[in-house]
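Presented below is the structure to which this report refers.
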Amino acid sequence: MFDSKGRGLGVAVFDFDGDGFTDLFVANDASPNAFFQGSKERVLMNRSAASRMFDYRSGMGVAVSDFDGDGIFDLFYTNYRTEYNALLLNRLDEEGAFSEQTDAFGLRNGSLGVTGWGVAVIDFDLDGDEDMAIANGLPDPFGRTEILEETDPGRCVPEPQLLYERSGDRFEEVTGQSGDLADLVTSARGLAAGDIDRDGRPDLVFSANHGRAVVMRNTSERQGHWLVLRPRWRPENRLAIGTVVRLEAGGRTQQRVLLSGTGYLSQAPFELYFGLGGAEVVDRLQVEWPDGQVTEMTGVAVDRVLQVEPPGNPPGQSPE
């Protein structure tokens, strides 16, 4: 796994091929991205070229989501301002590789001319599909290989941020209609999303290089009901990292995975957010724990934060 030329910035640790063994994706800046597949021998095999992840773009922040709704988790990562961001659908089961579909999902729009770092994929308007926010900021306007940001803050160039709304099979860039976010021009790096004020609508927190953190409270019009799920597991993994949740409501199936690390140098709350549109009840909720055991619930009430634990979880072990 050692690569002296690798400049790892973003990472995703997850079982992408569903074989029960953890895989690893590394987004490298100005060097090829890397993808390692786990195996029963407990060895990570470098499958970067075979999986079509050997990408020379300047990878920064990473997000994992089921973008095409096929029940398999895909990848998105941000890139440098001259290299549009990338969405790759997971086709490991069919083709043994990922398939880039950035243009098909409309995510090239707006990404050229800004340098992407943090990324958050979450349902901001609660209409039942996930939207996307991206933190942008140019590190060095001179394009030098040695960045001297700490000694020369003037090299951190402010850039506008990006907000996309999911509309059918594509994302539409809606930054201009996003209120104060449209005016946020800074040298952003980190980005985390979470419901800070507990009104059901996910908010945003940006960090900036040589600048203040910025909290963007979501005051958009609600398009539906919501559910925030807080899985809590055993003492060795109290925050239930690796848990996959599938939800059925209003004739639609959604799934989320709880991972450690958010986008770029950030961590969102260890919660999973579901916008439900007009659904007034969750018909079925399935929680697949890191050990493969499953907890199922039906007729789940909405518009609340729900903490869920597996049967027999030791009392007092789950953090509030």
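The values are calculated or read from the model by the stated rules, or taken from the named source; none is laboratory data. Keep in mind the model is a prediction, meaning the values are calculated, not measured. So basically every Cβ, Gly included, is an ideal-geometry build from the backbone, and we count neighbours across all protein chains shown. Each accessible area value is taken on the protein alone, full model and side chains, heavy atoms only, with ligands, DNA and RNA left out. Shrake-Rupley method; radii C 1.70, N 1.55, O 1.52, S 1.80 Å.
For this structure, a couple of remarks:
- Close pairs (8 angstrom Cβ cut-off, 6 or more residues apart or separate chains): without any contact (Cβ under 8 Å) to a residue 40 or more places away in the chain in segment 286-315, assigned to a loop (DSSP other than H, G, I, E, B) anywhere: Gln293/Pro310; Thr295/Trp289; Thr295/Pro310; Thr295/Pro311; Gly299/Val281; Ala301/Val281
- Checking each residue of segment 44-62 against the condition of being in contact (Cβ under 8 Å) with a residue 60 or more places away in the chain and within 20 Å of Gly242 (Cα to Cα) gives at least one match.
- Only one entry in Asp19, Asp29, Asp93 is free of Cβ contacts under 8 Å to residues at least 24 places away in the same chain and open to solvent by 30 Å² or more (accessible area, probe 1.4 Å), namely Asp19.
- Some residue of segment 195-202 being buried (at least 19 other Cβ atoms within 10 Å of the Cβ) and at pLDDT below 90: no
- Enumeration of residues in segment 255-311 that are open to solvent by 50 Å² or more (accessible area, probe 1.4 Å) and β-branched (Val, Ile, Thr): Val281, Val294, Thr298, Val305
- In segment 208-249, residue most open to solvent (accessible area, probe 1.4 Å) [restricted to those that are of a type in the set (S, T, N, Q) and touching a residue at least 60 places away in the same chain (Cβ under 8 Å)]: Gln223
- The listed residue being modelled with pLDDT of 95 or more, surrounded by fewer than 24 Cβ atoms within 10 Å (Cβ to Cβ) and either among the acidic types (Asp, Glu) or not in a strand (DSSP E or B) (or both), out of Gly128, Gly113: Gly128
- If you go through segment 1-16 and keep only what is open to solvent by 60 Å² or more (accessible area, probe 1.4 Å) and in contact (Cβ under 8 Å) with a residue 40 or more places away in the chain, you end up with Met1, Val11, Val13.
- Filtering segment 32-67 to residues that are closer than 17 Å to Gly6 by Cβ, open to solvent by 30 Å² or more (accessible area, probe 1.4 Å) and charged (D, E, K, R) leaves Arg47, Arg57.
- For segment 170-186, filtered to residues that are in contact with a helix residue (DSSP H, G or I) (Cβ under 6 Å, 6 or more places away or on another chain) and touching a residue at least 12 places away in the same chain (Cβ under 8 Å), the residue that is surrounded by the fewest Cβ atoms within 10 Å (Cβ to Cβ) is Ala182.
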